[in-house]
1. Out of [x] 1, 8, 12, 15, 15, 14, 12, 9, 6, 4, 2, 1, 0, 0; [y] 2, 9, 16, 21, 19, 14, 10, 6, 2, 0; [z] 2, 9, 19, 23, 21, 15, 8, 3, 1, 0, which label holds the value of P(r) over Cα pairs in 5 Å bins from 0, in percent that was computed here?
2. For the pair LYS26 and TYR134, how long in nm is the line joining their label points, each one 7 Å along Cα→Cβ?
3. Determine ³J(HN,Hα), in whole Hz, for all residues of the range 85-93 in sequence, where each value follows from phi through the Karplus function 6.51 cos²θ - 1.76 cosθ + 1.60 and θ = phi - 60°; x replaces Gly and Pro.
4. Under 13 Å from the Cβ of LYS116, count the other residues' Cβ atoms, weight Lys and Arg +1, Asp and Glu -1, and hand me the total.
Amino acid sequence: MANNLLLKLSKLSVGDVFPFDRIKIKPTDGKYVYIHAFNTSNTQCIQELNALIKLKLRYGSTIEFLTVYVDKPLNSVTEKKAFESISWTKVGLKEDDPLWEQLGIFTFPYYLLIDKDFVLLASPALTPTPNGKYETIEKTFFELSKP
């Protein structure tokens with residue numbers, strides 16, 4: 001029971017400061033950060049990459065993109081191509097790294113949105129591809145990019 005309580009206390013919630021020091025990354029000051037949790041063996045992750053790349057091209061001046069991926073061998077040409085198509089910062093974590101659980105990431109793909117002060121705004125954040133309500137993160141990016 002004490003372990004469950006400790007886990008709940010350490011789980012990151014909306015409004016908490018994101019532990020960038022834990023992944024040894026210092027985001028650009030004044031930019032929002034869209035974190036993409038990625039597993040190269042997950043077909044949905046691979047399918048969303050084209051939409052993610054387009055968003056990076058369109059909103060990269062105001063939104064910083066960061067991919068946190070499961071660090072494991074790339075077993076196929078498809079996995080290697082997908083991984084190499086990610087041109088922004090990537091951080092690998094082992095499958096059993098406790099940060100996955102702290103971030104509440106148990107399935108892939110998964111997205112988080114961090115504000116300019118490094119505070120967690122959305123977990124999960126909307127995805128780059130439409131959900132059941134035809135919503136994507138692009139509308140949010142558009143609003144955040146307004147002067």
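Derivation of every value follows stated rules applied to the coordinates shown; laboratory data play no part. Keep in mind it's a predicted model, so treat the numbers as computed, not measured. Cβ sites come from the backbone with ideal geometry, for glycine too, and all protein chains shown count toward neighbours.
1. So the calculated entry is the one marked [z].
2. 4.5 nm
3. In residue order, the calculated couplings are 6, 7, 8, 8, 4, 10, 10, x, 10 Hz.
4. Overall, the nearby charge balance is -3.
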